[in-house]
Amino acid sequence: MVTTVIVMVSADNIFLLWSAWVISNVFLTRLMLHKAEWKAAKASAVLAQKNFALGALFLGTALMILYNLTGETSIQTILTKPLNSEWQAVVGLLLLMAAMSQSALWPFHKWLTSSLNSPTPVSAIMHAGLVNGGGFLLARFAPMLLGQPQILNLIFIMGIVTALLGTLWKLMQSDVKRMLACSTMGQMGFMIAQCGLGLFPAAVAHLCWHGLFKAYLFLSSGSAAKEKRLDLDYPPSFKDFAKALFCGVLAAATFSITSEKHLLVADTSLFLTFLSLIAGTQFALPIVRGQSGIKFLAGAGAGILMGAFYGLNVYIIEWVLAPLHLSIPQPLNFVHFTGGGLLFVSWLYMLFMPDPNKRALPEWLLKGYVKMLNASQPHRKTITANRNEYQF
């Protein structure tokens, strides 16, 4: 499987790309189906096979259209050919659908949240590898997509919707692997959203680091029950939040400097700075809480280091990929402001939501919670309801 993935990401021929895409997914489903006699594991593999077959159909149709329009099999050559705008839009939509099915974006997410029967090492290589294929695919055809603002907006919308859903569902789970699966769904949404912003190198950086840390989290998930839990005592006081927000501003400023992106600019690169602000604030919050000035200095230092690390990552990836011209920030529009606003409001609500032990939550919120919890569950056929269904 690893060999076919290497071929896929290296291929310039559209037929070789499609073949490696299909074969790597076949190998992945075989790894998922490690016990054919186990009904739940078999159901998980079948569900994944159906999803991947649909994605292969989307990708194959897009590549055949490109071949018929250009007569070329080289991806680099195809990307230099002028195409009719209507056909460009069709190909862009098909590539987006293929990417969504591969990276488990809503509503193609069910195969991923139902794949938890896989052995944990298989889950690790799945979440660190092929699940990221959607971001790779969009980045591979970035020069074509960058000329289609409507398609980019749609990519951004689907990414943000998935990021919000996956992150919300993650917070509702009671078992580690399901939490990590929902986390991957949310992370894939952020990655695809960055593609929709026209910031494909940033999406590639996200892809690389997500693969590394998610593989580690899966391989270490067996020890999660023994980990010492940190009580963050939410909601924070206004004073603590203000100190953390200052650290977040430092993180955003450091990111802006190290990535060579202007702090206040009217294009989509501002979105990355905005995310750095939220991440830096959240990162510093548990550090700065209390009256100690040392804690505040430690939080400020942590924010600066985090912003510098993220900024340097984005800068290095952009520098490596510069010859491919994959990063063209788009003008900010209503879609971007709406997505950013939803992220910001959701983050603040999770920080400052009332404690259900101290104050009764409204009925509409409780009903919404139950609906979201039900929607996040795996397919019923992939659940082992009792021990008798697992005899291995």
Asn388 - would you say it is under 17 Å from Leu168 (Cα atoms), of a type in the set (S, T, N, Q) and out of contact with any helix residue (DSSP H, G or I) (no Cβ under 9 Å at 6 or more places or on another chain)?
no
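For every residue, the table says whether it meets (1) out of contact with any Phe, Trp or Tyr (no Cβ under 7 Å at 6 or more places or on another chain); (2) under 22 Å from Ala205 (Cα atoms); (3) modelled with pLDDT under 90.
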position: Arg289; (1), (2), (3): yes, no, yes
position: Leu305; (1), (2), (3): yes, yes, no
position: Ala322; (1), (2), (3): yes, yes, yes
position: Ile328; (1), (2), (3): yes, yes, yes
Only listed residue being closer than 30 Å to Pro378 by Cβ, without any contact (Cβ under 8 Å) to a residue 60 or more places away in the chain and assigned by TED's automatic domain parsing to the domain that holds Ala124, chosen from Leu180, Leu207:
Leu180
Considering each of Leu321, Leu326, Leu348, Leu343 in turn, give the residue that is over 14 Å from Asn153 (Cβ atoms), touching a strand residue (DSSP E or B) at 6+ places or on another chain (Cβ under 8 Å) and among the aliphatic types (A, V, I, L, M).
Leu321
For Phe213, work out the one condition from (1) outside the structural domain of Val176 (by TED's automatic domain parsing); (2) without any contact (Cβ under 8 Å) to a residue 24 or more places away in the chain; (3) surrounded by fewer than 19 Cβ atoms within 10 Å (Cβ to Cβ) it doesn't fulfil.
(1)
Could you say whether any residue in the range 363-375 is among the basic types (Lys, Arg) and at pLDDT 80 or above?
yes
Somewhere in the range 224-245, is a residue touching a helix residue (DSSP H, G or I) at 6+ places or on another chain (Cβ under 7 Å) and over 30 Å from Ser292 (Cα atoms)?
yes
Of all residues making up the range 376-389, the number that are at pLDDT 85 or above and of a type outside the set (Val, Ile, Thr)
6
Do you know which of the residues in the range 249-271 that are among the aliphatic types (A, V, I, L, M) and at pLDDT below 90 is farthest from Thr338 (Cα to Cα)?
Leu263
Could you check Asn51 against (1) surrounded by fewer than 16 Cβ atoms within 10 Å (Cβ to Cβ); (2) in contact (Cβ under 8 Å) with a residue 24 or more places away in the chain; (3) of a type outside the set (Gly, Ala, Ser) and say which number it fails?
(1)
So the helices (runs of 4 or more DSSP H) completely within the range 70-177 holding 2 or more residues that are surrounded by fewer than 17 Cβ atoms within 10 Å (Cβ to Cβ) and assigned by TED's automatic domain parsing to the domain that holds Thr29 are 75-78, 85-102, 120-128, 149-170
Looking at Ser174, Ser183, which one is more than 13 Å from the chain's Cα centre (by Cα) and among the hydroxyl-bearing types (Ser, Thr, Tyr)?
Ser174
The range 277-317 - residue that is of a type in the set (S, T, N, Q) and touching a residue at least 12 places away in the same chain (Cβ under 8 Å) and, of those, farthest from His262 (Cα to Cα):
Gln282
Kindly check whether there is at least one residue in the range 39-56 that is in a helix (DSSP H, G or I) and farther than 30 Å from Thr384 by Cβ.
no
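The values are calculated or read from the model by the stated rules, or taken from the named source; none is laboratory data. Small disclaimer: the values here were computed from a predicted structure and weren't measured. As a convention, Cβ positions derive from the backbone with ideal geometry for all residues, glycine included, and neighbour counts pool all protein chains shown.
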